[in-house]
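One structure is given here, and the rest of the page talks about it.
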């Protein structure tokens, strides 16, 4: 079958410990706004900037798979869980890019805090060789990018994310009003025996309960 046009693929990485409505709503909004063919949620195996997650890699992968079931625009990608080393984003981008056609567009989604922390990432200067960056920023954010990123922003930023050209190399911002939900909040609720319903998909909550995840020993 003849291939028609470049594909548009988004990537959203995270520990997803556990995946929740905030992750999913942000992902779906971006997928729709950017008219992505696919937005892949990529659970980290061994995040280099965080403590080891309480749930195993297999459990977090299973929860993400349950969360995106039935939503054709969102998929789960397990490549970082199959890698026997820390989850460096640049390695993931190289791996995904190698599977795509040269003109396919690849978009990496980052929150504002993660974007500001880029200078501490492994080989961070190479990220834009493989993808465009979509920075999800809250309308009430009043912080400025660190000095190390200002020249990059001046050279690579595009005001309208729908105008990003080519397969990679540019940065744009998508303004969102995120849901005030965090995985930390959910784990605290579950650890004390309180309900986390409506903060995450019912199928994910059922999985957590079936596997007795996040509950404190005496809760």
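Throughout, read-outs are computed from the coordinates displayed, never taken from laboratory work. Keep in mind the model is a prediction, meaning the values are calculated, not measured.
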**Study point:** Helix 57-68 vs. the chain, principal-axis angle (Cα, 0 to 90°, nearest 10)
**Key:** 80 degrees
Practice item. Using Cα pairs closer than 8 Å and at least 6 residues apart in sequence, work out the relative contact order for the stretch 8-178, in percent. Key: 22 percent
Practice item. Please compute the Cα-Cα pair-distance distribution of the stretch 93-165 with 10 Å bins starting at 0, giving whole percents from short to long. Key: 16, 52, 28, 4
Check your understanding: Over the stretch 155-219, with a single point scatterer placed on each C-alpha, what log10 of the ratio I(q)/I(0) does the Debye formula yield at q = 0.17, 0.18, 0.20 1/Å?
Key -> -0.66, -0.68, -0.75
Study note, to complete from the structure: Expressed in angstrom and rounded, the centroid-to-centroid distance over alpha carbons for the stretch 58-109 and the stretch 150-203 is 16 Å
Review point. How many Å³ per residue does the convex hull of the Cα positions in the stretch 22-96 occupy?
Key: 105 Å³
Check your understanding: So what is the relative contact order of the stretch 133-182, in percent, for Cα pairs below 8 Å that sit 6 or more residues apart?
Key -> 53 percent
**Study point:** Rounded to 10°, Cα long-axis angle of helix 147-156 versus longest principal axis of the chain
**Key:** 50 degrees
Exercise for review: Could you check which residue among 198, 88, 207 shows the biggest mean-square fluctuation in a GNM of the chain with a 10 Å Cα cutoff?
Suggested key: 198
Exercise for review: With springs connecting C-alpha atoms under 10 Å apart, model the chain as a Gaussian network and identify which of 163, 143, 172 has the largest mean-square fluctuation.
Suggested key: 143
Review point. Most mobile of 17, 44, 165 per a Gaussian network model of the chain (Cα springs, under 10 Å)?
Key: 165
